[in-house]
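Report on the following structure.
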Amino acid sequence: MHATVTPVPSRNRFAFLARGFHASWTTILLIIAINTGVAAIMSIEDPRPFWHPFVSAQCFGLAIAYAVNAASPWEKTRPVWRLALAVAIGTALGYALVVFIKSFLLQLDGYTLLELVSDSRKFQWTLISGFFNGLFVSLFFLLKFRETRAEAALHRAEAQHNLLAKQAVEAELKMMQAQVEPHFLFNTLASVQYLTETDPKEASRLLGHLLAYLRAALPQLRTTTTTLGQEVALIEAYLNVFKTRMGPRLEFAIAVPETLRSHPFPPVLLISIVENAITHGLEPQAAGGTVRIEAMRAGDSLRVVVTDTGRGIGNGASRAGHGVGLANVRERLAALYGERGHYTLEDAPPQGARSTIEIPYEDV
């Protein structure tokens, strides 16, 4: 058997030569500025006009920059050795450019290659100084490149971590949605069964509220996005069920403008807070109380406030709640919105507690 060797096109072999010209205008201007600074230092002891060291510095600097950019040592193994070799080649190219411009184009005396080489000390000093100046500047760019690449890797790792955290939160949300609060459903069905025997009319009303709750809740089992209006409809049905069960011990009010009801909102987030307000604030209290839900735009944020007149934070146990839990509310907001998502829980004098959710406002 004979192995077939596919020849590499010649244009690919020398593709790195074209790569040397790939640089942003910002980088090119920075290199020219550095070369000008080197020329200014050289002109201090040079009796000739400033343009002499200026031309020489630009030839060496740009040639070395081209050679280093073509070699791209930062993307390969042993970058410092490759960098030094690229600088050496660039120094030779720069010297050739100086000879070409000053001897052939400007036709100045003393700049033919033979004349330059004849003064071996000056020839060697020019090459050595050009090499070390170019190496110093190139090492600076190499270190900055490595620093930038390390920062980019760190940002990618942080983005990946945030993505995984968000996916974990959403997975927890789906599991939570699938439960549909079984305790709430079982207790409500038990109340319906009891009222069927004692007050059929009230049982029918409670069953209607339960159906309204399920009608609002079931579509959210299949989605991870919803609107504030859909969440409010779910909460209204939920509170109607509790009001039928608690009677005059529970009052509620909802003040959400129509202009905000179409705004995107995290599913099942608001109802977990309302549930905590009832379960740990109002229901254990003999006199019951009131729950108020209101929404408003506050600058570049959407603010939703849940206030109850229950036992408050200190007397209302930990308010850890069921389902998502108030501790996880902060985690979900952080995963979804970063620093722009906030949740606070505080006492609401003279009695009760106030929960506030803030998320970024989006034009819809």
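Throughout, read-outs are computed from the coordinates displayed, never taken from laboratory work. Only a predicted model underlies this, so the values are computations on that prediction, with no experimental measurement involved. When we count neighbours, we look across all protein chains shown, and the Cβ atoms used for this are built from the backbone with ideal geometry, even at glycine.
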Quiz item: Using modelled backbone amide H atoms (1.01 Å from N, in-plane), which distant-in-sequence or interchain residues come within less than 5 Å of LEU250's amide H?
Solution: GLY289
Quiz item: How do 270-282, 243-255, 299-311 rank on mean C-beta neighbours within 10 Å, highest first?
Solution: 270-282, 299-311, 243-255
Practice problem: With a Förster radius of 41 Å, plug the Cβ-Cβ distance of THR227 and TRP25 into 1/(1 + (r/R0)^6) and report the FRET value to the nearest 0.05. | Solution: 0.30
Exercise. Could you line up ILE235, ILE89, ILE64, ILE41 from fewest to most neighbouring Cβ atoms inside 10 Å?
Key: ILE41, ILE89, ILE235, ILE64
Quiz item: Computed FRET efficiency, Cβ-Cβ of TYR361 and THR196, R0 45 Å: what is it to the nearest 0.05?
Solution: 0.45
Quiz item: Rounded, prolate or oblate: which fits segment 251-294 when a ≥ b ≥ c are the square roots of the eigenvalues of the alpha-carbon gyration tensor, with rounded for a/c under 1.5 and prolate only if a/b beats b/c?
Solution: oblate
Practice problem: Could you calculate the FRET efficiency of TRP51 with PHE132 from 1/(1 + (r/R0)^6), where r is the beta carbon distance between them and R0 is 41 Å, rounded to 0.05? | Solution: 0.95
Quiz item: Sorting LYS201, LYS102 on the 10 Å Cβ count, fewest up front, what's the list?
Solution: LYS201, LYS102
Practice problem: Go through 355-361, 54-60 and give me the packing order, highest mean Cβ count within 10 Å leading. | Solution: 54-60, 355-361
Quiz item: Under a plain spin-label model, where a point goes 7 Å from the Cα along Cα-to-Cβ, how far apart in nm are SER262 and ARG205?
Solution: 3.5 nm
Quiz item: In whole angstrom, how far apart do the alpha carbon centroids of segment 79-99 and segment 50-74 sit?
Solution: 8 Å
